[in-house]
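Worksheet: one structure, shown below.
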Amino acid sequence: MVGFRAGDVPPTATVKFIGAGTAACIADLFTFPLDTAKVRLQIQGETISPANTGHGPVKYRGVFGTISTMVRVEGPRSLYSGLVAGLQRQMSFASVRIGLYDSVKQFYTKGSDHVGIGSRLMAGCTTGAMAVALAQPTDVVKVRFQAQISAGASKRYHGTMAAYRTIAKEEGFRGLWKGTGPNITRNAIVNCTELVTYDLIKDALLKSSLMNDDLPCHFTSAFGAGFCTTIIASPIDVVKTRYMNSAQGQYSGALNCAVAMLTKEGPKAFYKGFMPSFLRLGSWNVVMFVTYEQLKRALMAARHNWVTPL
């Protein structure tokens, strides 16, 4: 009897959902301080408003300078401010974005064995938009927590659930979906670059027989995908972060936020936080995709053992 190998059987939709959500949460635990540093650098230089009170006196320089300043001024826990909302976001967002990617890709190819770049792009944009629509409130709360200074008595939000209630009360339920437009745009870019690049790099490595479908292949594909995505997505990511963190009425829209950044701070403002963004996205991709591939195999092996009688 031939032994069962998890890679021989395509993973089920449930395996993809559970695997993607769990892997994304694990990746977030490792990379969250870099994400927080990215947010602080992205909003630095912005006009002080009720939503980001306290940022004026604090100056951040570089990714490691930002992290060390936060630890010195606010304590080590500040690096994980907003983690609960971040994990909520990843569990819902990644489950849809990554868990449905293969299925949506098959839908666009109509069952054909040939998968073109157009089908990959459409699948990435579709799953990204669906994921944003579901997870936007968690993203808003995450960014608000990461942006606020944790030291002192000026904290606006004191708990994840309280933050949801405060935003809904002060800004209406629409406030929880603030920045959905730029976030969908950003995630369309991220998906089209990240998932498609990962897919293409992995396929190229396998078809050329340079690597087998194992850990080194997943690592190389994930790192390449993270590098390409950071370069393309940084400008819209900065606009998204600032607009989501802005006080009610500060900007009339995402475009107004982008124009204000350009006129007041110049084009370089769109690449604020580039280094932590690259380090975070690159390392997040490596941890997430490698963990996801291994979890898929483990879950499929466990499923096989469960349904197959001894």
Ordering 110-119, 30-39, 130-139 by per-residue average of other C-beta atoms within 10 angstrom, highest first, gives 30-39, 130-139, 110-119
Stretchable slack from Arg303 to His158, in nm (0.36 nm times residue separation minus alpha-carbon distance): 48.0 nm
Taking 0.36 nm per residue of separation between Ile231 and Asn256 and subtracting their Cα-Cα distance, the length gained on full extension comes to 6.7 nm
Heavy-atom accessible area per residue - the chain, 1.4 Å, Å²: 47 Å²
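Place a +1 charge on the Cβ of each Lys and Arg in the chain and a -1 charge on the Cβ of each Asp and Glu, then give the dipole magnitude about the Cα centre in debye, rounded to the nearest 20.
Details: 33 positive and 18 negative charges, 161 e Å.
Charge dipole of the chain: 780 debye, to the nearest 20.
Using heavy-atom solvent-accessible surface (probe 1.4 Å) with all chains present, what is the largest-first order of Glu74, Glu194?
Greatest to least solvent exposure: Glu74, Glu194.
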For the chain, the accessible surface attributable to carbon and sulfur atoms (probe 1.4 angstrom, ligands and nucleic acids excluded) amounts in percent to 67 percent
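When the helices in the chain are scored as -39500 (n - 2.57) per DSSP H run of 4 or longer and the sum is shared across all residues, what 222 nm value do you end up with, to the nearest 500 deg cm²/dmol?
Working: 11 runs with 220 residues, N = 310.
Rounded to the nearest 500, it is -24500 deg cm²/dmol.
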For the full complex of protein chains and a 1.4 angstrom probe, list Trp306, Trp177 by accessible area with the highest value first. Trp306, Trp177
Compute, for segment 129-256, the length of the dipole vector about the Cα centre, with Cβ point charges of +1 (Lys, Arg) and -1 (Asp, Glu) only. Units Debye, rounded to 20. 720 debye
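Take the Cα pairs of segment 177-310, get the Kirkwood Rh, then feed it into Stokes-Einstein at 4 °C and 1.567 mPa s and tell me D in µm²/s. The partial results should precede the final answer.
Values: Rh = 17.0 Å.
Answer, rounded: 76 µm²/s.
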Looking at this model, which pairs from Lys142/Lys178; Lys110/Lys296; Lys240/Lys268; Lys59/Lys272; Lys155/Lys272; Lys38/Lys268 are more than 18 angstrom apart at the alpha-carbon? Lys110/Lys296; Lys155/Lys272
Under a plain spin-label model, where a point goes 7 Å from the Cα along Cα-to-Cβ, how far apart in nm are Thr14 and Asp113? 3.1 nm
Membrane-span-like helices in the chain: DSSP H runs reaching 27 Å or more (Cα, own axis), mean Kyte hydropathy at least -0.5? 13-43, 117-147, 180-207, 215-245, 274-307
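The values are calculated or read from the model by the stated rules, or taken from the named source; none is laboratory data. Worth saying up front: this structure is predicted, and the values here are computed from it rather than measured. Methodologically, a virtual Cβ is constructed for each residue, glycine included, from the backbone with ideal geometry; neighbour enumeration extends over all protein chains shown. Please note that ligands, DNA and RNA were not included when accessible areas were found on the heavy atoms of the full protein model with its side chains. Shrake-Rupley method; radii C 1.70, N 1.55, O 1.52, S 1.80 Å.
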